[in-house]
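In what follows, a structure is listed as structure tokens, so that the remarks can point back to it.
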Amino acid sequence: MSRFGSLSINTKFNLIMSCLLIVLFLSASLLIYQRQRSLILKVAVDNARSIAKQIIETRDYISSVEHGEPEQNYALVPQVVATQIAARMTRDTKFYVRQVSLRYRNPGNRPDDYETEQLQKFSGKVVRENYRVVRAGGEESFRYMQSMIAEKSCLTCHGSYETAPQFIRERFPRGHYSYNYKLGEVIGAVSVTIPMSELYRDIGTNLKLDLIYRAIVFFIIIVIMAALLKRIIIRPIRMLSESITTVTRTDTFTPLPKTSNDEIGDLIGAFNDMMDELGRKTAQSRESEQRYREFIEVARSAVITFMTDGKIIITNQKAEELLGSSRLELLGENLFNFFLEGERLKQEVNLYLEEIRKGKRSAATIFHVVRSVAGGEHRVEVALSATQTDSQPMITAILRDGEGR
């Protein structure tokens, strides 16, 4: 028997339910975690898109309404204004926002590898935005980019060198790659970066709390189900098992209480009915056996009842006198050992039983010599008759004095 098979039902149930619930809860937690990740990424995309749009709209608006103010105040340059507004908007957030361009003027707007790749994809294409998770330096970051298109107002500073304001020409000489943009051309992009560790920090906290709550629920479910199992199934079955053990050891039976009308209750009811019927049959059998004993006690000949293997189960006083031993000593002994030709008697008994099964005869008489415990020998006439019991035939031998026959 396996180690699991030797465990109690309660332990098996707890182990199986624990494994099932653990798998269920972990699967649910994983699904929730993945759903939260997808939701957080969606929120991050929406927020990044909103920030980028605000920066672009701010830049376009400043470009359209300024009339030479940047020449006196460089901080009013549309790109500078948009950059400062982005910094203020994201000051206390997880977002890192900047404007980048392949033909940048401010070294701080120089694109990194990812931004360069996306700007090249934006150039000459309808694609306006791109986002994905990028791993760099052993860390993952959420990257979002939205392209900026050169409007008419942008060409004042980024068109030809000749039409650019004086302060721009002083800063960036003729031939600088930041000139000569065309209307509708991609002039740059807004780049938003968020460390994934920041995004997923709340998920990790929520997942831990979720696992704790689920573990508590799991423990409560196990305790409740174990208590119900013990009350509804294990306790009645244990009571039934103990009753069977008591009947086996003491031959006494007390009806079990039927506490429910379910299958367990039906089982206990059927067991009570079976034991009542068995008790009646046992009483009848004992009464019949007692009458049989009383009958053979008054017989004038030795009477011995034995099984097919020769085991003695009933004797009378005459048999005790013939075999020279008490009834208690004879019970369980092999009858064939008391005959001078025991093997022949055994064969004759088997032949007799075979003929009974074939319906040829119901009784047989044979002669043999009995040897008592003290060694005395007596010739007897052995009359055999058989009775079929639940398990095997039971043979009764009547031993009469065979001297002179």
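At a glance:
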item	result
The listed residue being among the aliphatic types (A, V, I, L, M), outside any helix (DSSP H, G or I), at negative phi and out of contact with any His (no Cβ under 9 Å at 6 or more places or on another chain), out of Ile313, Ile296, Ile234	Ile313
Pair list, Cβ < 8 Å and 6+ apart or interchain, from the range 380-395 residues that are in contact (Cβ under 8 Å) with a residue 24 or more places away in the chain to residues that are surrounded by 15 or more Cβ atoms within 10 Å (Cβ to Cβ) and in a loop (DSSP other than H, G, I, E, B)	Val380/Gly402; Glu381/Gly402
Qualifying residue in the range 185-196 (condition: modelled with pLDDT under 85, within 30 Å of Arg35 (Cα to Cα) and either of a type in the set (Lys, Arg) or outside any strand (DSSP E or B) (or both))	yes
Candidates Ala52, Ala82, Ala75, filtered to the one that is at pLDDT below 85 and touching a helix residue (DSSP H, G or I) at 6+ places or on another chain (Cβ under 6 Å)	Ala82
Residue in the range 354-372 that is modelled with the lowest pLDDT, counting only those that are in a loop (DSSP other than H, G, I, E, B) and surrounded by 11 or more Cβ atoms within 10 Å (Cβ to Cβ)	Ser362
Filtered residues of the range 337-353 (kept if in contact with a Lys or Arg (Cβ under 9 Å, 6 or more places away or on another chain) and surrounded by 18 or more Cβ atoms within 10 Å (Cβ to Cβ))	Phe338, Phe339, Tyr352
Some residue of the range 96-104 being at pLDDT 75 or above and part of a helix (DSSP H, G or I)	no
Of all residues in the range 1-49 being of a type in the set (D, E, K, R) and more than 19 Å from Ile233 (Cβ to Cβ), the one that is farthest from the chain's Cα centre (by Cα)	Arg49
Filter result (of a type in the set (S, T, N, Q) and closer than 17 Å to Ser301 by Cα) within the range 338-381	Thr365, Ser372
Test: Asp251 is over 25 Å from Ser29 (Cα atoms) and at pLDDT below 80	yes
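To keep it simple, each residue is scored yes or no on (1) closer than 28 Å to Glu343 by Cβ; (2) loosely packed, with under 14 Cβ neighbours inside 10 Å; (3) of a type in the set (Lys, Arg); (4) not assigned by TED's automatic domain parsing to the domain that holds Gly342.
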residue	(1), (2), (3), (4)
Ile234	no, no, no, yes
Pro257	no, yes, no, yes
Ile264	no, no, no, yes
Ile268	no, no, no, yes
Gln284	no, yes, no, yes
Glu294	no, yes, no, yes
Phe306	yes, no, no, no
Ser325	yes, no, no, no
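The values are calculated or read from the model by the stated rules, or taken from the named source; none is laboratory data. Computed from a prediction, not measured in an experiment: that's the story for all the values here. All Cβ positions, even for glycine, are placed from backbone atoms using ideal geometry, and neighbour counts span all protein chains on display.
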